[in-house]
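In what follows, a structure is listed as structure tokens, so that the remarks can point back to it.
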Amino acid sequence: MNKSIGKLLREARLKKGLKQIEVAQKAGISQPYYNLIENDKSRPPSFYAIEKIAYILGCDSKPLIKILEYKQLEYKTKEIEQRKQALGIKEDRQPYGKFRQIPVLNKISASKLIDYTGLEYPASWAEEYEPCPSEVKDSQAFCLDVQGDSMEPKISAGDRVIISPNAQLENGQIALVTNDEETTLKRVHFRENGTIILTSDNPKYQPITWIKKDKSKIIGKVVRIIKRL
């Protein structure tokens, strides 16, 4: 996409025959701020603001949102670098080679099944990002915070896990699994009769059996554990 958000909005506004102040008033923002958006001089606006402006202008918001997702990530990355420089943080060495940033989604529990609110993934923008080792090739990989002790000692509360939806899961490996109502982080054991046995590393937790009618689904394999002291 060669055109910026500002250029797309300007074209749509002129086609609609509206003035900047008219669009701003309908969107509930100031005209100077709208002018900054059209001239691509503001920090990336919110998704809500762009959706509302697109509705007023009668244009498709999807291309705008796609550009905005990238711009917000770019802005956040730049902001992090500026903070590092201000604090005098230098990163001369990277123990895992080059990194890319992957989104950190909602917290999960490793002790019990809980509701999982991240099933709309893949998402391309999040409030927080985690450096991803270069060996994790999955473009849809994401990171989750862990709560609970059911996977101790291998995975403890406070650790982070990187989930790869496209990695091949072998019998006995750890994965994020859901039955569309509940989600858990457990070792997955496949049985010939079609059942799935979910086990914890902590022996105080009993195995869980999911049968075909449970509509169980493997979200992704745990490909890296990030220990948090």
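Every number here is computed from the coordinates shown, using simple stated rules; none is lab data. Predicted model only: the values in this text are computed from it and were never measured. Cβ: placed from backbone, ideal geometry, glycine included. Neighbour counts: every protein chain shown.
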Within region 8-18, is there a residue that is surrounded by 12 or more Cβ atoms within 10 Å (Cβ to Cβ), of a type in the set (Lys, Arg), farther than 27 Å from ARG100 by Cα and within 26 Å of the chain's Cα centre (by Cα)? no
Those residues of region 132-188 which are among the acidic types (Asp, Glu), over 17 Å from ASN202 (Cα atoms) and surrounded by 14 or more Cβ atoms within 10 Å (Cβ to Cβ) amount to ASP138, ASP145, GLU182
For region 152-200, list the strands (runs of 3 or more DSSP E) that sit wholly inside it and hold at least 2 residues that are out of contact with any Lys or Arg (no Cβ under 9 Å at 6 or more places or on another chain); which are they? 183-190
